[in-house]
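Provided herewith is a single structure, encoded as structure tokens, for subsequent inquiry.
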Ligand SMILES: [Zn+2]
């Protein structure tokens with residue numbers, strides 16, 4: 001979300017922001033990272049326990065809060081690029097990884113190919129190495145915030 005916002009602002013237009021935000025997700029998913037899914041490895045059905053729901057809500061809430069704070073610090077001409085980039089950054093996960101509709105989505109032809117594509121480049125660390133996966137995310141978030149603070 002933060003990386004998408006930064007790239008979105010860099011493109012300077014909302015359509016570019018959305019596309020580059022989505023592309024950034026594809027690139028960043030390939031960098032080893034930690035997500036709650038690493039604790040589901042032996043869970044065939046990938047059923048989310050309750051804590052993962054809480055974690056996911058908190059994650060999105062934190063992202064939205066930061067983006068709104070950033071928006072409040074800049075003039076409205078940047079808002080659309082900021083939001084479109086942030087939205088692009090989570091778009092694939094929203095389509096493919098939200099348990100309320102992901103099963104249905106993956107049954108459609110488009111959903112099936114998007115899921116196969118998404119799954120192919122998704123690179124998470126295993127649970128013993130979660131600290132490294134968190135570190136790569138911190139670096140990305142700090143990089144994104146650093147860029148945004150200079151360019152908003
Ligand atoms: Zn993803």
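Report, ordered by the first and then the second residue, all pairs with beta carbons closer than 7 Å, sequence separation of six or more or different chains, a first member in the range 1-13 that is farther than 10 Å from residue 147 by Cα, and a second member that is modelled with pLDDT under 95 and assigned to a helix (DSSP H, G or I).
none
Do you know which residues across the range 104-119 are assigned to a helix (DSSP H, G or I) and either within 14 Å of the ligand (Cβ to nearest atom) or surrounded by 11 or more Cβ atoms within 10 Å (Cβ to Cβ) (or both)?
As a first pass, look at the range 104-119 and keep what is assigned to a helix (DSSP H, G or I): 104-107, 109-119.
Of everything in the range 104-119, those that are assigned to a helix (DSSP H, G or I) and either within 14 Å of the ligand (Cβ to nearest atom) or surrounded by 11 or more Cβ atoms within 10 Å (Cβ to Cβ) (or both) turn out to be 105, 106, 111, 112, 113, 114, 115, 116, 117, 118, 119.
So which residues in the range 66-78 are surrounded by 17 or more Cβ atoms within 10 Å (Cβ to Cβ) and without any contact (Cβ under 8 Å) to a residue 60 or more places away in the chain, if there are any at all?
71
Taking the range 120-133 as the search range and keeping residues that are surrounded by 17 or more Cβ atoms within 10 Å (Cβ to Cβ) and within 11 Å of the ligand (Cβ to nearest atom), which one is farthest from residue 41 (Cα to Cα)?
So the residue we want is 122.
Can we say residue 96 is in contact with a strand residue (DSSP E or B) (Cβ under 8 Å, 6 or more places away or on another chain) and either modelled with pLDDT under 95 or surrounded by 15 or more Cβ atoms within 10 Å (Cβ to Cβ) (or both)? Spell out how you get there, then give the answer.
Details: in contact with a strand residue (DSSP E or B) (Cβ under 8 Å, 6 or more places away or on another chain): no; either modelled with pLDDT under 95 or surrounded by 15 or more Cβ atoms within 10 Å (Cβ to Cβ) (or both): yes.
No, not satisfied.
Return the total of residues in the range 31-65 being within 13 Å of the ligand (Cβ to nearest atom), surrounded by fewer than 17 Cβ atoms within 10 Å (Cβ to Cβ) and within 12 Å of the chain's Cα centre (by Cα).
1
Can you run down the residue pairs with Cβ atoms below 8 Å, 6 or more apart or on separate chains, where the first is in the range 110-123 and farther than 14 Å from residue 28 by Cα and the partner is exposed (fewer than 13 other Cβ atoms within 10 Å of the Cβ)?
These pairs meet every condition: 111/104.
In addition: Which residues, counting only those in the range 7-27, are under 17 Å from residue 136 (Cα atoms) and buried (at least 18 other Cβ atoms within 10 Å of the Cβ)? Give the steps one after another, and end with the answer.
First, pick out the residues of the range 7-27 that are under 17 Å from residue 136 (Cα atoms): 24-27.
Across the range 7-27, the qualifying residues are 24, 25.
Follow-up. Counting just the residues of the range 14-26 that are farther than 11 Å from residue 3 by Cα and under 13 Å from the mean Cα position of the chain (by Cα), which one comes out nearest to the ligand (Cβ to nearest atom)?
26
Being in contact with a helix residue (DSSP H, G or I) (Cβ under 8 Å, 6 or more places away or on another chain), within 26 Å of residue 14 (Cβ to Cβ), touching a residue at least 60 places away in the same chain (Cβ under 8 Å) and within 12 Å of the ligand (Cβ to nearest atom) is true for just one of 91, 87. Which residue is that? Give the steps one after another, and end with the answer.
Working: 87 fails: within 12 Å of the ligand (Cβ to nearest atom).
The conditions single out 91.
The values are calculated or read from the model by the stated rules, or taken from the named source; none is laboratory data. Computed from a prediction, not measured in an experiment: that's the story for all the values here. All Cβ positions, even for glycine, are placed from backbone atoms using ideal geometry, and neighbour counts span all protein chains on display.
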